[in-house]
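Heads up, the thing below is written out as structure tokens.
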Amino acid sequence: MRWILLSLFFGFSVPSFSQDPYLFIGTYTNGASKGIYVYRFNTSTGSGTEISTIKADNPSYLAISPDGKHIYSADESEGPAGSVGAYSFDPLTGKLLQLNIQSSMGNGTCYISEDKTQKWVVVANYGSGNLTALPVNSDGSLAPAAQVIQHSGTGINKERQEKAHVHSTIFSPDEKFLYVADLGTDKEHIYKFDPQQSVPLSEANDSFVSVTPGSGPRHIAFLPNGPYLYLISEMAGTVDAFHCDKKTGKLTEFQRIRTTPASFTGDPGSADIHIRPDGKFLYASNRGVSNTLAVFAIEKDGRLTAKQFISVNGKHPRNFVIDPTGHFLLVANRDTDNIVVFAIDPASGLLKATGKELKVPNPVCLKFLVP
């Protein structure tokens, strides 16, 4: 009976894993939040159950190791120095154990990634405008930074772009390159990555691409099994579509599209961007005065077509995630302390609120792990 009711509500059958995936939630801890929260997410009902928490200092972005045994956090402390946390994870109990903390060699630490070899963690430091590569020890803990790359430059917005502001560090699917968005200089930087070297990052031949001045690049998403990359810009409220050369890493832009309706005015505050696993639809979040999710169809030539703008039923959707089945989208609303669960229609890609929410203080990052 439950399956029949779900099919009627969502408009499709919802597959179930033998075990519900874990949902890790990073938060800001300057209020009621404890740190990193661990939930189980029921892929049949769209409900979540809290399993455990662990204290951390503003773990604003998380990375899960490829083997699922370790979690890393970008700790966006308010002081002069940011840090990076390393944790072991027990899938039987759902509990995290802190291994160690290392300096991020910057401040405003806001993004973190680990490579597939599990030898390197790379972090973005927004405040200091640099990125840092830290070696991963055999037990999953972190060694001190081995490489720090400092960006420089300014943009046309004197308040927001007075200097470099590195906002994300994201590996290409084959991990030959690391793509680094710099909000302060309106550039997407491209670095070659070699995990076997003691200093793993070096500038690519085409080392960056510039976007429209005043855009404020933030995050990117790669089309699965395709030659396209999509960049969301926080200040302009746009998505730029690029052809990505797999051999050189070079980006060639072919489309720019708004994340809000043509009638919208004001600060879009665009934040996050993700593509459904089947590569048919792209989703983007807007904070500012909009507080919406935008839905785009991805055409065969990589171009985007806007399909829907829908309220997030909260405020400041800094981050969202698509569940492993591709049938649910969860959005973290920082300022209303809620994570809202949407159903994704498999044919149209459109979103529909399920009425289900998780109540977590100041949620800002969501990551799934299938045990």
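Taking 2.2 N^0.38 Å as the expected size of a compact globular protein, what ratio does the Cα radius of gyration of the stretch 56-150 give against it, to two decimals?
That ratio works out to 0.99.
Rank by packing, highest mean first: peptides 111-119, 163-171, with packing defined as the count of other Cβ atoms within 10 Å averaged across residues.
163-171, 111-119
Taking every alpha carbon pair in the stretch 150-191, what does the distance histogram look like in 5 angstrom bins from 0, in percent?
Per 5 Å bin, starting at zero, the Cα-Cα P(r) for the stretch 150-191 comes out as 6, 27, 27, 18, 12, 7, 4, 0 percent.
Roughly how many whole Å is it from the C-alpha centroid of the stretch 28-42 to that of the stretch 266-322?
24 Å
Assuming 0.36 nm per residue, please report the length gained on full extension of the stretch residue 254 to residue 352 beyond their Cα-Cα distance.
So the extension gain works out to 32.2 nm.
Could you order peptides 189-202, 328-341 by the average number of other Cβ atoms within 10 Å of their residues, highest first?
The most tightly packed comes first, giving 328-341, 189-202.
Measure out, as a whole number of angstrom, how far apart the alpha-carbon centroids of the stretch 130-152 and the stretch 49-73 sit.
Spelled out, the Cα-based centre of one part sits 18 Å from the other.
Hey, can you rank 148-161, 20-33 by average C-beta count inside 10 Å, highest first?
Ranked by mean Cβ neighbours within 10 Å, highest first: 20-33, 148-161.
Taking amide hydrogens as modeled 1.01 Å from N in the peptide plane, which residues meet the under 5 Å criterion relative to residue 272, leaving out close sequence neighbours?
HN-HN under 5 Å from residue 272: 285.
Compute the length gained on full extension between residue 203 and residue 32: take 0.36 nm times their separation in residues and subtract their Cα-Cα distance, giving the result in nm to one decimal.
Roughly 57.4 nm would be gained on extension.
Let me check the size of the stretch 235-370 from its C-alpha atoms; what are the radius of gyration and Dmax in Å?
14.9, 45
No value in this document is a laboratory result; all are computed from the given coordinates. Since this is a predicted model, take the numbers as computed values, not measurements. As a convention, Cβ positions derive from the backbone with ideal geometry for all residues, glycine included, and neighbour counts pool all protein chains shown.
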